[in-house]
Each structure stands twice: as C-alpha cells, then as structure tokens.
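Here the structure comes first, spelled out in structure tokens, and everything after it is commentary.
The values are calculated or read from the model by the stated rules, or taken from the named source; none is laboratory data. Keep in mind that what you see is a predicted model, and the values were worked out from it rather than measured. Cβ placement follows ideal geometry from the backbone for every residue including glycine, while neighbour counts extend to all protein chains displayed. Please note that ligands, DNA and RNA were not included when accessible areas were found on the heavy atoms of the full protein model with its side chains. Shrake-Rupley method; radii C 1.70, N 1.55, O 1.52, S 1.80 Å.
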Amino acid sequence: MRTRWNIGLACLVVSGTVQAAPPDGRDRIKTAEAFGARPWVEDVSLSPDGRRLAFVAPSAARGSAAMVEDLSTGVTKAVAYSDGNPLRIASCGWASSDRIACYLSGVASVDGRPHDFSRVVAVNADGTGLLGMEKTGSARLFGLWASDGSILDWLSGADGKILMARRHSDGSLRIERVDTRTGDGEVIKSLPDGGGYYTDGYGNVRIFAKFEGDRFVYRYRTKSGSDWQLLGQYDPVSDAGLRIVTVDGEKDLAYALQKLNGRDALYSFSLSGTPKSELIYADPQVDVAGAETIGRHNRTIGYYYVTDRTQTVYLDTRYRALAASLSKALPNREISFQAASADEKRLLVMASSDVDPGHYYLFDTVTRQLTEALMARPQLEGMRLAEQRGISFRGSDGTMIPAYLTLPAGSGGHGLPAIVMPHGGPWTRDVWGFDWLAQYFAARGYAVLQPQFRGSTGYGDAFENGNAIKSWRTAISDVVDSGHWLIKEGIADPAKLAIFGWSYGGYAALQANVIAPDLFRATVAVAPVTDLQAIRTLNKSRLAGAMFDKVTVKFADAVAGSPVRHAADFKAPVLLFHGDRDTNVDITDSRRMDAALRAAGKQSRLITYPMLDHQLRDSATRTDLLTQTDEFLTKALALPAR
C-alpha cells in the first residue's frame, strides 16, 4: 500500500507549520506538543473526477490553510490561507474538479463583545482566482450581517456552480445558483422567504422549515409541484415531532428522527405525494443518531447509532459489501465513507480507532486498489497509545451509568493517579475512538474515566432526564459516583484522584467539589460555566416562554447549582483556563470563579488566552494547556517528577 504522506509533510515544513519528528513519549514537553497539535486534516473532500483531495490543515499559530493534493503525483499545495484573526478556514468542498469553495469562520470583538462570523470564498485548485461569495464581492467582516450565506447544494460539479442561500448588500437572503468563478448568481423563484432549506442533491429545494410560534414547521413540495404542503412539525419544548436529517432525491424521500418509546427512531417520508411515513429503525436501548450519506447527490446509504461503539447499518447493498471488505483489509478500526467522486467509482475512506487517530485512503472500486493518502495526526505516528474500553458502574441510586475507561499503556491498572473527565455539552456524549485529551493524560500515566452521566444524549429521554442543567443534581451525582468507582475498583489511588472538564464538563468538575469536597484532590476547568443564574438571565432574551423554562432552573436551584456561589466549600486547588473571545461561555464566568475562590482563601489560578474562542484552536495554546495542567496535577497530587 503506497503512502504519499512524506511529500505532503515536506510541503508543510516549508511553510513552517508542522511539528518535528514523532516525539519520544518519555519527554514531557514533546508529549504535550504532540497531543496538543491540531489535527493535520481538519476537513477533507474528494473532487468530482476523483483525482484530487481538498483538505483543511493548520498553519502557523492559529491559522489554517486549504490544501489540494494531486492523488496521481502525491504533490500537495496550499491554495488559500487564513491567519485565524479572526477568520479561519473551516471546511472546503469541490464546485468542480478544478475549483473549491470554502467556509471561513471565526470570532471577532465588536463593541467589546465577541461575535461569531462566517464567510464563503472560492479558489482554483492551483491557488489562483480567489473570490469572495458575497454579493458585493467583498468579505466585509464588520458589515450588517454575521454571515454572507451558506452552501445548500454542491450540484453536479461539472460547471463550478453551487446552490447558496446568499446574503445581499441590502441584508436580504436569496436562494441562488452561484457561479463560483464570477460570483454571479441566478435567483431561484417561488421559494418562501427566510427559514431553513433542504435540497434533494440535484439543486432543488424540496423542504422548507421555519419557526412559527413555538415550533418548527416543515413544508415540502413534489418534484414537479410548486405548492408547499405540510410535512410535519417539531416542538422543541416537548421534543415531540420530527426533525429532518436529510433528503434523498434519487429515492424521493426525506429522512427524519422522531420519538418512539422515548427514543429517537429513523423514519422515511415520501415526497412524491401524501407524505406517508415508514419506520426504518428503532433501537430498544439507544437513540438513532443520524443517516449516512454519500456522493455529490447526498444519497442516503444507511444510518448509525451508538452503543459503546458506533454501529453503522448500510441500507445500500453495495456499500454494505464494501464496508465489510474494507473492515477485513483494515481490521480493528471503524470504517467510514467520507466522500466519493461524481460517479462513485473512487471513494475516500477513513479508518480510525481508539489507538489510531485516523488514516485516509483512496479506494478505487474498479481496480479494488486501496491507497493511503493522509494521516490525521502525523505527530503521533509511532507512539504507543492507550486502549479505551466501555464499562458501566452503578450510580448511588442504582442506575447503571455507562463510561469509557482509558488506562496507561502497559500499566497494571491499580493504584494509579486518575482523572475523571466529564464531557461538555451537556447535550452530547462521548463516543469510542481517539480522544486527544484522554490519550495525553494516559501517556502521562493517568487512568482516565469519562462518565456518560444522566443528561447525556443518545440514551433516550429517561436517561437524558430533562437535561443536565435543569437536573444538575443527578448529573453531578453521577460524576461524583464515577470517582468513587475508580477508588472502589482499586484503579485510582484515593490520594491521587483529580477531575478535568471543558465547558459543561468544567462546570461539572467545579460543582463536584461543592457536593463532594473531599473526593478530588485537584480540579481543572476549561471554559467552565460557573453561575447557572447568570445563564438564566443571559438566555432569557433568547428563549421564549416554556422553552426558556425547559433548559434552565428555578432561582433557588440555580444558586445551589452554581459553584461560584460556594467557593468556601472547596478544598482542592483549582486551575482555570479560558479564551477571551469565547461566545459559548463568557470569560466572566472564569474570572468570577477565580476571584471567589481567592476571596475565600482557596488556591486558584486563571490562565487566559487572548483572541481565542471556546475551542482554543491553536497548537501552542493547547500545548501550554496540557503542560500547565500536568505540572499542576503533579504538584497537587504529590506525584514524583516524570
């Protein structure tokens, strides 16, 4: 199997944006650099002729570059660059076999407050012909709108045209077939104004969604019709109704998630006449997570759900057979189809696992040749990573709580320094596979437990328990119970147990110290929520009526559930990190938490990162975060120098 990685790596070194050789795992700084580095492949797509890849790679500091790789020669070239201040290239797709269109996104400070912005640009595969897709032809970041539009359909890929919902200089949003070479657009007639649009993969908007009153209403039209008919609706308060996942123009079907016995099930809806529904799959234990699609026309080829691992079921018999064959060729890894040429004879495949951050392969379905094209994280190549396994433990009320346990490679799994690492969200869950934070801590000798506390999504309504903000007592109890389980099983040394969390996970890490101040000996919180009442006040203007009440808590419970109001209860030292352009959780939360802890005579330190958002997408910053966390934990847990 031939790899072209060395050529791509050399190209990147010229621009000074890649780490050196894979690090010695015994070297603390090099280990932090390796795991803190952003992935080399952040987004990837295959050209319509199947001869080129476009992918987004990190460049100097927090910047990003759109890269094009010629698959016949292995030569890789940067064709567009953004410095990340404030915009970075987030993703790219092919408008034709020689032209790509890319989303740029970022956060800028306007009137002293961080705001999200996005733009769309197009460029030739050789780096020429860069053009903004604004109607005005210029990407005015501080104009009257935060976005210049979105790509709805990539069309055939034959002529460089794409379908966009595009913002015009007068502020209006119009659906247009846009020529990415000139920026000129042909307005599509007879479409409702505003809302969301779903196309059939052939350039036809078939479903229109709009928030009407207190719910989303979906309307559809047939292939030949112009009248919009009611398809269904979704009530975000009760979580009842349907949520459109995708539209398959070839089958003339819409696919949607809808509740069945308290769990999300996948249904299809005919768009050829009366929207008759058909149940595709419902799982007795977990939610269906979504549909699998492929190709220029976004054909639906299957669906997936997550138990302890992701389970993909292929409805398309061809892809079912291909997935089975590829799984034999690439054993012990999850296989996913990332992209396809226009004729679907060439496929971009990703193989990954808990100990493999991901390798990308080109699979020629005619010659049956499988060729490695890219590695997701070359900095980690050759390093021994730790296995992640699904476990479950019994919570204090008897409920079984799923979790993922990662033990240091080669360790006996007993009496270790350990970290409980609750996920963010909270409307999400962890999934089996490579996790850069868990793997870093395991490489530094820690056992890591990632509890899927109640309030996590994917396990059905009963387990979600409303949500982990409103039902914070149950969620945090599960997080605390996960620490007790590590000790009970003998995995964790009770004197060397810490907790680390990001976003809601940071909130959980802090609040766990309020209700169990003697359990954790060190606490690290990245971009944490610290005051539920402040969120309640902030969000009241954004959410209406019952929806507001659904996701927030009453005043008394908000006070009890806010760690910033209980700094005096803390016993463990605290380390906080936050970017000052965070639009998810304002940096004020961390500043207030740090000040409250210090005023209470507790040990606290806040590290702020200028001009960075919630995700801290900067290799040097992430390396610093890992290094300072390791130093903090080593001291707080009285670990020997390593």
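Before moving on, here are some points about what is shown:
- Selection of the stretch 5-59 for residues being closer than 29 Å to S105 by Cβ, part of a loop (DSSP other than H, G, I, E, B) and either touching a Pro at 6+ places or on another chain (Cβ under 8 Å) or at pLDDT below 50 (or both) yields S15, G16, T17, V18, Q19, A37, R38, P39, W40, E42.
- No other residue among A567, A544 is open to solvent by 30 Å² or more (accessible area, probe 1.4 Å) and either modelled with pLDDT of 90 or more or among the small types (G, A, S) (or both) apart from A544.
- Test: residue in the stretch 362-382 that is assigned to a loop (DSSP other than H, G, I, E, B) and modelled with pLDDT under 95: yes
- Residues in the stretch 492-520 that are open to solvent by less than 10 Å² (accessible area, probe 1.4 Å) and over 29 Å from the mean Cα position of the chain (by Cα): 1 in all.
- Restricting G433, G412 to residues that are assigned to a loop (DSSP other than H, G, I, E, B), surrounded by fewer than 23 Cβ atoms within 10 Å (Cβ to Cβ) and under 23 Å from the mean Cα position of the chain (by Cα) narrows the list to G433.
- Checklist (1) more than 26 Å from the chain's Cα centre (by Cα); (2) within 14 Å of L163 (Cα to Cα); (3) surrounded by 12 or more Cβ atoms within 10 Å (Cβ to Cβ); (4) modelled with pLDDT of 90 or more applied to V187, failing item: (3)
- Test: S456 is hydroxyl-bearing (S, T, Y) and without any contact (Cβ under 8 Å) to a residue 12 or more places away in the chain: no
- Scanning the stretch 311-343 for residues that are within 25 Å of C92 (Cα to Cα) and of a type in the set (D, E), we see that the one that is surrounded by the fewest Cβ atoms within 10 Å (Cβ to Cβ) is D343.
- Identity of the residue in the stretch 580-627, closer than 14 Å to P563 by Cβ and part of a loop (DSSP other than H, G, I, E, B), that ends up least open to solvent (accessible area, probe 1.4 Å): V585
- If only residues of the stretch 197-216 that are under 22 Å from A158 (Cβ atoms) and outside any strand (DSSP E or B) are counted, the one that is most open to solvent (accessible area, probe 1.4 Å) is Y202.
- Within the stretch 208-226, residues that are within 17 Å of I175 (Cα to Cα) reach partners that are β-branched (V, I, T) and open to solvent by less than 70 Å² (accessible area, probe 1.4 Å) with beta carbons closer than 8 Å, at six or more positions or on different chains, in the pairs A209/V217; A209/I244; K210/V217; R219/I207; Y220/I207.
- Residue in the stretch 84-92 that is touching a Leu at 6+ places or on another chain (Cβ under 7 Å), open to solvent by 20 Å² or more (accessible area, probe 1.4 Å), hydrophobic (A, V, I, L, M, F, W, C) and in a strand (DSSP E or B) present: yes
- A single member of K259, K276 is out of contact with any helix residue (DSSP H, G or I) (no Cβ under 8 Å at 6 or more places or on another chain) and open to solvent by 30 Å² or more (accessible area, probe 1.4 Å), and it is K276.
- The sole residue among D594, D589, D582 that is under 25 Å from A37 (Cβ atoms) and either touching a Ser or Thr at 6+ places or on another chain (Cβ under 9 Å) or not hydrophobic (A, V, I, L, M, F, W, C) (or both) is D582.
- Restricted to the stretch 279-342, the set of strands (runs of 3 or more DSSP E) holding at least 2 residues that are among the β-branched types (V, I, T) and free of Cβ contacts under 8 Å to residues at least 60 places away in the same chain comprises 288-294, 299-306, 310-314.
- When S172 is tested against (1) at pLDDT below 90; (2) open to solvent by less than 60 Å² (accessible area, probe 1.4 Å); (3) under 28 Å from the mean Cα position of the chain (by Cα), exactly one condition is not met: (3).
- Top-ranked residue in the stretch 437-462 [being more than 29 Å from P284 (Cβ to Cβ), aromatic (F, W, Y) and touching a strand residue (DSSP E or B) at 6+ places or on another chain (Cβ under 8 Å); ranked as surrounded by the most Cβ atoms within 10 Å (Cβ to Cβ)]: Y446
- Test for I419: is it closer than 22 Å to A495 by Cα, of a type in the set (V, I, T) and either in contact (Cβ under 8 Å) with a residue 12 or more places away in the chain or assigned to a loop (DSSP other than H, G, I, E, B) (or both): yes
- R346 fulfils the conditions (1) more than 24 Å from A54 (Cα to Cα); (2) charged (D, E, K, R); (3) buried (at least 16 other Cβ atoms within 10 Å of the Cβ) except for a single criterion, (1).
- Residues within the stretch 299-310 that are among the aromatic types (F, W, Y) and surrounded by fewer than 19 Cβ atoms within 10 Å (Cβ to Cβ), tallied: 1
- When K251 is tested against the conditions (1) open to solvent by 30 Å² or more (accessible area, probe 1.4 Å); (2) modelled with pLDDT of 95 or more; (3) in a strand (DSSP E or B), the lone failure is (3).
- Taken as a whole, the structure places A78 among residues that are closer than 27 Å to D49 by Cα, aliphatic (A, V, I, L, M) and open to solvent by 20 Å² or more (accessible area, probe 1.4 Å).
- Some residue of the stretch 302-309 being at pLDDT below 95 and touching a Leu at 6+ places or on another chain (Cβ under 9 Å): no
- When the stretch 60-83 is filtered for residues that are over 22 Å from R346 (Cβ atoms), part of a strand (DSSP E or B) and not hydrophobic (A, V, I, L, M, F, W, C), the ones remaining, listed by number, are S64, Y81, S82.
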